[in-house]
Amino acid sequence: MILYSIGCPNCKTLKILLQKHNFEFQEETSVDKMNDLGITEIPMLYTGEKLLNFNEAKNWIMKEVANEK
């Protein structure tokens, strides 16, 4: 899992959620890499299957956590 982030408030929120729920992820902060991938908004979360924007990522995290119970 990769969190594309530049340290913005929403970036920090996703990072905290991922850490809180013990998701393993890498944080990518290279704007050049994000541009190469066509990322035009941040944060974005790559789950291994799909690239999710902030709201999609929050919902995905909460759904994954609920499925673990």
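The values are calculated or read from the model by the stated rules, or taken from the named source; none is laboratory data. On a predicted model such as this, the values are computed, not experimentally measured, just so you know. Because the Cβ atoms are built from the backbone with ideal geometry, glycine has one as well, and the counts that use them run over all protein chains shown. Note: accessible area is taken over every heavy atom of the protein model, side chains too, but ligands, DNA and RNA are not part of it. Shrake-Rupley method; radii C 1.70, N 1.55, O 1.52, S 1.80 Å.
Some points to look at:
- Residue list for the range 6-53, filter: part of a loop (DSSP other than H, G, I, E, B), farther than 24 Å from E68 by Cβ and open to solvent by less than 70 Å² (accessible area, probe 1.4 Å): G7, C8, S30, G38, I39, I42
- Within the range 21-30, the presence of a residue that is of a type in the set (V, I, T) and touching a residue at least 40 places away in the same chain (Cβ under 8 Å) is excluded.
- Members of the range 1-19 found to be under 17 Å from T47 (Cβ atoms) and over 10 Å from the mean Cα position of the chain (by Cα), listed by number: Q19
- P43 meets the conditions (1) at pLDDT below 95; (2) within 10 Å of the chain's Cα centre (by Cα) in every case but one. The failed one is (1).
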